[in-house]
């Protein structure tokens, strides 16, 4: 299934990278072209998510779970792929639910920042996949001086896990407060 | 709180938590644990320089590697509270008193073990070998009818895969007749084993090989154990007439006051039978190993010139006859031949599996190879050729059954014969070795991290959309 996975990943990569350019253009422009591009954003992100989930599903079939989850590069690739897919899902949901309101005020810059972050996650995911099949870019060399050796599994200690859970709870509370405010 | 403030706070929490995850990733799991035989060296990779030369009758190898201190001592017997106590026994990682000798070793094959040329020493590592977490007991090995009673092994050591009925069970050896047939066909790996304490002072390296176990060539080895178990005292002590002392002083050893030019060893020609009434004092120390010139095939590998430590580096040169006339114990080398070699060093008072190893290299005698042995005339090479840089790495507990199992994504590549160098660097293998020592813990922590990240992303989505309200509220 490795070959099919490689074929399939080109679709979400292309669609999400295009979406990143669209978001950045819309963030800096209110002109007619930017508005036209923005109207294509939800379909673009939807296709990206669908093709991303398809590539993810086929990726899980490349190796048995026992193999994939025992290999540092396999673990890292899967972790980044999961986060990337969830992350672009978040962008789709937000644009879909909020409509053009996401371009109001500070929110447009948050969306632009998220798109850049999503592209970075996508790039790292692709690089890790390249390592698994023996063809990879130098992105991993750039990550090394930044503190992550890609040949080691990305995991965090318990105290960070607890912080993540606490942060998630606070974020949900913020969301509920916001809904109450606008209800 | 207004909408913008909620958005700012949400973004700050999200980015801050991601930043914390980035800064703390890879921590909290990997730590030394003596109970599990885990001790991670630092750094994980070190360089080794290698040169080779031959003159038609002898082959010479020269090794140079960094060692912060010269590890010239091994285990000793210290007079403590009226009794002789062993100090410097092997421990996971560095021995705290610095009492474990430095070593360099070289595996050598002529193509008779094809996997060795592709995967190096990994092919010799089975499960539960000495020093691994969950190591097999030495008693089981001693009682094994072939490994213990026939071969004399007393701990689970390196072995070659075809000497076993399967990869998973180190005890399930093939019948003795098959072992002999394999050996006769050259199915063994030659092992040159230079030891800074147990062989260098008498001008030799230990000549061994790996087949059903790590075995010694026929003949007498360069060292013996200096211990009289019945009387609980050393067998020998230094000859005061020849060395000026009957024993060393413990404090002198620890403080580095005994150097390479001093008598730091117990050579049998400089020793006398132990005298329990010699007025022993607290801290008197006698080496636990007595040294003598090896005999037979075991003494085939000699030191070429002086092998010494200076200014932070060991410089060791060894020589051996190209044809030792022991084809079932040594690899016979021929002019124009290409062979496979792999290296290892022990340093910083580490023994056992806490060493650095290399990937396999080719060694050509007058032939193009990764390490080209230059032909010279005379008895001593001038060593003017440039050295070949070899990267050594800490291999952890990665073993051949693991590499051929479903837990290794490259198992299929091994079955296809893809060489390890094609897919892995030494640095990558070192990290892999460390991670495998904490496989279960890292797997669990990775799963939690994966889930935690998804949770954070979803929560951030809830916060963003809640703050904005319906259609931007």
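The values are calculated or read from the model by the stated rules, or taken from the named source; none is laboratory data. Quantities reported herein were computed from a predicted structural model and do not represent experimental measurements. Glycine also receives a Cβ, built like all others from the backbone with ideal geometry; neighbour counts cover every protein chain displayed.
One residue stands out in region B:16-36 among those that are in contact with a helix residue (DSSP H, G or I) (Cβ under 8 Å, 6 or more places away or on another chain) and part of a helix (DSSP H, G or I): the one that is surrounded by the most Cβ atoms within 10 Å (Cβ to Cβ), namely B:17. Does residue B:50 satisfy the condition of being within 23 Å of residue B:197 (Cα to Cα), loosely packed, with under 14 Cβ neighbours inside 10 Å, in contact with a strand residue (DSSP E or B) (Cβ under 8 Å, 6 or more places away or on another chain) and away from chain A (no Cβ under 14 Å)? No, not satisfied. When restricted to residues that are more than 17 Å from residue B:29 (Cβ to Cβ) and either more than 7 Å from chain A (Cβ to nearest Cβ) or not in a helix (DSSP H, G or I) (or both), region B:428-450 contains 1.
Within the group B:318, B:374, B:333, B:363, which residue is out of contact with any helix residue (DSSP H, G or I) (no Cβ under 9 Å at 6 or more places or on another chain), touching a residue at least 12 places away in the same chain (Cβ under 8 Å) and farther than 21 Å from residue B:208 by Cα? Don't jump to the end; show me each part of the working.
Numbers: B:318 fails: farther than 21 Å from residue B:208 by Cα; B:333 fails: farther than 21 Å from residue B:208 by Cα; B:363 fails: farther than 21 Å from residue B:208 by Cα.
The match here is B:374.
For first residues located in region B:171-196 and closer than 25 Å to residue B:136 by Cα, partners that are loosely packed, with under 13 Cβ neighbours inside 10 Å and lie 6+ apart or on another chain with Cβ distances below 8 Å form the pairs B:172/B:166.
Where helices (runs of 4 or more DSSP H) sit wholly within region A:67-183, none has at least 3 residues that are at pLDDT 90 or above and at positive phi. If you go through region A:90-116 and pick out every residue that is within 18 Å of residue B:458 (Cα to Cα) and at the interface with chain B (Cβ under 8 Å from one of its Cβ atoms), you end up with 9.
Residues that are crowded, with 19+ Cβ neighbours inside 10 Å, within 14 Å of chain A (Cβ to nearest Cβ), at pLDDT 95 or above and part of a loop (DSSP other than H, G, I, E, B) occur in region B:377-394; there is at least one. One residue is enough: does region A:56-65 have a residue meeting the conditions over 19 Å from the mean Cα position of the chain (by Cα), farther than 30 Å from residue B:402 by Cβ, touching a residue at least 40 places away in the same chain (Cβ under 8 Å) and buried (at least 20 other Cβ atoms within 10 Å of the Cβ)? Within region A:56-65 (the criterion being over 19 Å from the mean Cα position of the chain (by Cα), farther than 30 Å from residue B:402 by Cβ, touching a residue at least 40 places away in the same chain (Cβ under 8 Å) and buried (at least 20 other Cβ atoms within 10 Å of the Cβ)), the answer is no, since none of the residues qualifies.
A quick yes/no check of all residues on (1) at pLDDT 95 or above; (2) closer than 30 Å to residue B:250 by Cβ:
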residue: B:2; (1), (2): no, no
residue: B:10; (1), (2): no, no
residue: B:35; (1), (2): no, yes
residue: B:68; (1), (2): no, yes
residue: B:73; (1), (2): yes, yes
residue: B:89; (1), (2): no, yes
residue: B:98; (1), (2): no, yes
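For region B:414-427, filtered to residues that are part of a helix (DSSP H, G or I) and more than 9 Å from chain A (Cβ to nearest Cβ), the residue that is farthest from residue B:132 (Cα to Cα) is B:416.
The residue of region B:73-92 that is surrounded by the fewest Cβ atoms within 10 Å (Cβ to Cβ), among those that are over 14 Å from residue B:290 (Cα atoms) and within 17 Å of the chain's Cα centre (by Cα), is B:89. Applying the set (1) at pLDDT below 95; (2) touching a helix residue (DSSP H, G or I) at 6+ places or on another chain (Cβ under 8 Å) to residue B:344 leaves exactly one unmet item: (1).
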